[in-house]
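Student: What follows is a single structure, and I will ask about it in a moment.
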Amino acid sequence: MKNKAMDRLADAAPSRHSGALPPIRDIRNPGDAFIQAEIDSNRRFEWLLPIKGLLAVAVVLVLVVIRKVFFE
Amino acid sequence: MSDIDWPAVLGSALEWTLLALVATGAIPVLSASLAFVAIPFHAIINHYGKAAPYLPRVAIIIPAWNEGLVIGQSIERLMALEYPRESLHIYVVDDASTDETPDVIRAKAAIYPDNVFHLRREQGGQGKAHTLNHGIDVVLKDDWMQALLIMDADVIYMPNSLRRMTRHLADPKVGAVSAYIREGSQDRNYLTRFIGLEYILSQPAARRAQNVFGAQACLAGGAQLHTRENLLAIGGRIDTETLAEDTITTFETQLGGRTVVFEPLAVVLAEEPRTIDALWKQRLRWARGNVSVTSRYRNIWFRPSRKHNLGSVSFGIVWFSIWLLPVAMITSSIGLLGLLFLQSDVALTAFRALWIFAACAFVFILALGAQVDSQLALRNWRELFTFPGVISMVVMLAAFFPEILIEWIPSLFGVVFTDSGLFILTAAIYVWIPFSMVIAWLARKVEPTAVGPVLAPILIYLAGYGSLLCAITFDSYIKEIRRTEAVWHKTEKTGRVSR
């Protein structure tokens, strides 16, 4: 039976977010070029982490500012 | 000597002691914060630079005891992996199953005669490690296997997951690779949603940090890939002495100077417990296993080594912060209560400092964690907002915005706190954290009763999922002190992940 969540995950984030990968001729053995491109793509994807970290810090700062402005 | 004001000296000493107790509550928060601050550095400190195209011959060992409902689907998913089929051998070690497991495996072996193999143990029930060793003995008999994947019978590998794991083995320094075990039940309930969030925080978030620190605490039991060399170096066997064989394997790999890599983008779906009782048994097994790991490796903690990073201060703090979290919760509350009863001026300051820090840390951790797997976090948004527990969130609110709880809300009902009322409220807030573990324990007790389906989730939402895990860890202390026999409780799997 199809698992929709799995199928969504199958082509999940990394490759979509970090540029196109070479076409696969054989899904079971996609070739070194594809695998290396996927590694590079995944590596670039990790550069979103600092941005996500800054966003998380920003959420904390909002709380701190609210406290400073309205409760001190 | 006679000039010394002994009551004042003793009072001051007691106050400092109580303050030190309060400070113990900050250690786990600090530890978690440091780990999460490290996550963005995974952009720079990761293993992708040393990864390369590499598709070794992989032997997959699946321990199976009465897994008839799930094993067929798991094999099919493995056969659908984006991986050369001629490089896959699947060994299902049937641990004397009494259900239809052997029939299902034989049927699959008939369909895939070059890939699926049925290994039968006639004397089963000794635990997962013994079952795995039965399979390992077989795969080590010849030279075919270049890498060994150990997995659970119920997990489902995403098509690209194995390929994304093996690429790290191109680096000869890597001994093992672990994947992201993602809660994947289709019929989710409140508990599986909490577990899903916990797994986000503990795997693609915290294990990225462990990649940065250069020491992994544990390879996922359902997704660990070893090189043949590593398997042989750790003795060609899985430890059978403890209930934490995955952690032992992880430690032995790193102590041998080989790297363990966590690959966050290799996703494996797993079915997790739907009841508190099942979760309690599973986590109690893990917690008791960690006690033996802590004891077995007592000579490595906080002793930095050039060979591995398990002895680093950062890793030690993370390890013991998790293991001793219930102790920190209790000592911190004792400190706050003591200061309150001493009528110390610093009680309120210490409480606010601790809880404001905790609130900021929680918000940061949850905000970052939610972005790491935003799809799952969005799906579980109710549990995301109530992860620390509704009452703990009120306590944080009281620390962060004291006027709201002390003045605004009471004024809505025309209530003004008297001094004694305020004292009782403050004391209640200070003891809440250890008391939340009691609430979590109560949730387990009411779960099987007629009101359980309604009351148990309410209690967990109020107490917090973290308090439930702490209560289980606390139970492991009791079991260890009483020297209760450590029993292998198999977590029941019903194939929910594949529906």
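Derivation of every value follows stated rules applied to the coordinates shown; laboratory data play no part. A quick note: this is a predicted structure, and the numbers were derived from the prediction, not measured. All Cβ positions, even for glycine, are placed from backbone atoms using ideal geometry, and neighbour counts span all protein chains on display.
Student: List B:181, A:35, B:409, B:111 from most exposed to least, where exposure is judged by having the fewest other Cβ atoms within 10 Å.
Tutor: Arranged by neighbour count, lowest to highest, B:181, A:35, B:409, B:111 become B:111, B:409, B:181, A:35.
Student: Translational diffusion coefficient of the protein assembly as shown at 20 °C, 1.002 mPa s, Stokes-Einstein with Kirkwood Rh over Cα pairs, in µm²/s as a whole number.
Tutor: Taking Rh from Cα pairs, D becomes 85 µm²/s.
Student: Further question on the same structure: Starting from the amide H of residue B:238, placed 1.01 Å from N in the peptide plane, find each other amide H under 5 Å away whose residue is 5 or more places distant or on another chain.
Tutor: Distant-sequence amide H within range of residue B:238: B:133.
Student: Report, for chain B, the % of DSSP beta bridges that are antiparallel, rounded to 5.
Tutor: Antiparallel: roughly 30 percent of the beta bridges in chain B.
Student: Quickly estimate the mean residue ellipticity at 222 nm for chain B, helices only: each DSSP H run with n ≥ 4 gives -39500 (n - 2.57), and the total goes over all residues, rounded to 500.
Tutor: So the helix-based figure for chain B works out to -16500 deg cm²/dmol.
Student: Listing B:407, B:245 from the residue with the fewest other Cβ atoms within 10 Å to the one with the most, what is the order?
Tutor: B:407, B:245
Student: OK, next. How far apart, in nanometres, would the label points at residue B:404 and residue A:64 be if each is projected 7 angstrom from Cα along the Cα-to-Cβ direction?
Tutor: 1.8 nm
Student: Please go through the residue pairs B:445/B:479; B:50/B:173; A:52/B:50; B:108/B:281; B:128/B:173; B:281/B:445 and name each one whose alpha carbons sit more than 20 Å apart in this structure.
Tutor: A:52/B:50; B:108/B:281; B:128/B:173, as the Cα separations exceed 20 Å there.
Student: Can you list residues whose amide H is under 5 Å from residue B:266's amide H, if they're 5+ apart or on another chain and H is modeled 1.01 Å from N?
Tutor: Answer set, sorted by chain and number: B:180.
Student: I'd like the orientation of helix B:313-323 relative to chain B: the angle between its Cα long axis and the longest Cα principal axis, in ° from 0 to 90, rounded to 10.
Tutor: With rounding to tens, the tilt is 80 degrees.
Student: Still on this model: For a footprinting-style exposure proxy, rank B:351, B:417 by other Cβ within 10 Å, fewest first.
Tutor: Lowest count first: B:417, B:351.
Student: Next question, about the same structure. Give the long-range amide H neighbours of residue B:120: residues separated by 5 or more places, or on another chain, with amide H under 5 Å away, using H modelled in the peptide plane at 1.01 Å from N.
Tutor: Long-range HN contacts for residue B:120: B:94.
Student: Another one. With everything on Cα atoms, drop me the angle between helix B:390-400 and the longest principal axis of chain B, reported from 0 to 90° to the nearest 10.
Tutor: Helix B:390-400 sits at roughly 50 degrees to that axis.
Student: Where does helix B:419-446 land angle-wise versus the long Cα axis of chain B, in degrees 0 to 90, nearest 10?
Tutor: Helix B:419-446 sits roughly 20 degrees off the main axis of chain B.
Student: Turning to a different aspect of this structure: Can you tell me the dipole magnitude for segment B:44-304 around its Cα centre, using point charges on the Cβ only (Lys, Arg +1; Asp, Glu -1), in Debye to the nearest 20?
Tutor: Around 980 debye, computed over segment B:44-304.
Student: Same structure, new question: Using a Förster radius of 35 Å, what is the FRET efficiency between residue B:80 and residue B:171 based on their Cβ-Cβ separation? Nearest 0.05, please.
Tutor: Once the sixth-power term is evaluated, E becomes 0.80.
Student: Going 7 Å from the Cα of residue B:379 along its beta-carbon direction, which residues of segment B:192-223 have the amide nitrogen within less than 17 Å of the resulting point?
Tutor: B:192-205
Student: Right, another one. What distance in nm separates the simple spin-label points at residue B:455 and residue B:346, each placed 7 Å from Cα in the Cβ direction?
Tutor: Result: 4.3 nm between the two label points.
Student: Looking at B:385, B:346, B:218, which one has the Cα that reaches farthest to the positive end of the dipole of chain B (charges on Cβ: Lys, Arg +1; Asp, Glu -1)?
Tutor: The listed residue farthest towards the positive side: B:218.
Student: Could you run the Karplus curve 6.51 cos²θ - 1.76 cosθ + 1.60 with θ = phi - 60° over segment B:90-106 and give me ³J(HN,Hα) per residue in whole Hz, x for Gly and Pro?
Tutor: 10, 10, 9, 8, 7, 8, 6, 4, 10, 9, 7, 3, x, 5, 4, 5, 4
Student: Please list, in order along segment B:251-262, the HN-Hα scalar couplings obtained from phi with the Karplus expression 6.51 cos²θ - 1.76 cosθ + 1.60 (θ = phi - 60°), rounded to whole Hz, x for Gly and Pro.
Tutor: Using θ = phi - 60°, the values come out as 5, 4, 4, 6, 5, x, x, 9, 8, 10, 10, 9 Hz.
Student: Could you estimate the translational diffusion coefficient of chain B from the Stokes-Einstein equation, with Rh from the Kirkwood formula over C-alpha pairs, at 25 °C and 0.890 mPa s, in whole µm²/s?
Tutor: Value of D from the Cα-based Kirkwood radius: 101 µm²/s.
Student: Can you bin segment B:44-304 into rounded, prolate or oblate? Criterion: square roots of the alpha carbon gyration tensor eigenvalues sorted a ≥ b ≥ c, rounded for a/c under 1.5, prolate for a/b above b/c, oblate for the rest.
Tutor: Taking the square roots of the gyration eigenvalues as a ≥ b ≥ c, segment B:44-304 is rounded.
Student: Still on this structure: Taking the Cα centre of segment B:44-304 as the origin and placing charges on Cβ (Lys, Arg +1; Asp, Glu -1), which of B:235, B:291, B:302 is farthest toward the positive end of the dipole?
Tutor: B:302
Student: Quick check: pseudo-label points 7 Å beyond the Cα along Cα→Cβ at residue B:10 and residue B:428, how many nm apart are they?
Tutor: Distance between label points: 3.4 nm.
Student: Would you mind giving the mean number of other chain beta-carbons within 10 Å of the Cβ of each residue in A:54-60, as a whole number?
Tutor: The mean count of partner-chain Cβ atoms within 10 Å per residue comes to 6.
Student: Calculate the dipole size of segment B:359-499 relative to its Cα centre from +1 charges on Lys and Arg beta carbons and -1 charges on Asp and Glu beta carbons; express the result in debye to the nearest 20.
Tutor: 740 debye
Student: To continue, here is another question. Would you mind getting the Kirkwood hydrodynamic radius of segment B:319-481 from its Cα pairs, rounded to one decimal in Å?
Tutor: 17.3 Å
Student: Have a look at the DSSP beta bridges in the protein assembly as shown and tell me what percent are antiparallel, nearest 5.
Tutor: 30 percent
Student: Remind me, relative contact order of chain B in percent, using alpha carbon pairs under 8 angstrom and six or more residues apart?
Tutor: Taking the mean separation of contacting Cα pairs over the length of chain B, I get 20 percent.
Student: Can you give the average number of partner chain beta-carbon atoms within 10 Å of each beta-carbon in peptide A:62-70, as a whole number?
Tutor: Average per residue, whole number: 3.
Student: Could you give the Stokes-Einstein D for segment B:154-233 in µm² per second, using the C-alpha Kirkwood radius, 37 °C, 0.692 mPa s?
Tutor: The estimated diffusion coefficient comes to 235 µm²/s.
Student: Please get the size of the charge dipole for the protein assembly as shown, origin at its Cα centre, with Cβ charges of +1 on Lys and Arg and -1 on Asp and Glu, quoted in debye to the nearest 20.
Tutor: The calculation lands at about 840 debye.
Student: Once the Cα atoms of segment B:390-449 are picked out, what are the Rg and Dmax in Å?
Tutor: Cα only, segment B:390-449: 14.2, 42 Å (Rg, Dmax).
Student: If you plug each phi of segment B:346-356 into the Karplus form 6.51 cos²θ - 1.76 cosθ + 1.60 with θ = phi - 60°, what whole-Hz ³J(HN,Hα) values come out, in order, with x for Gly and Pro?
Tutor: 7, 4, 5, 5, 5, 4, 5, 4, 5, 7, 5
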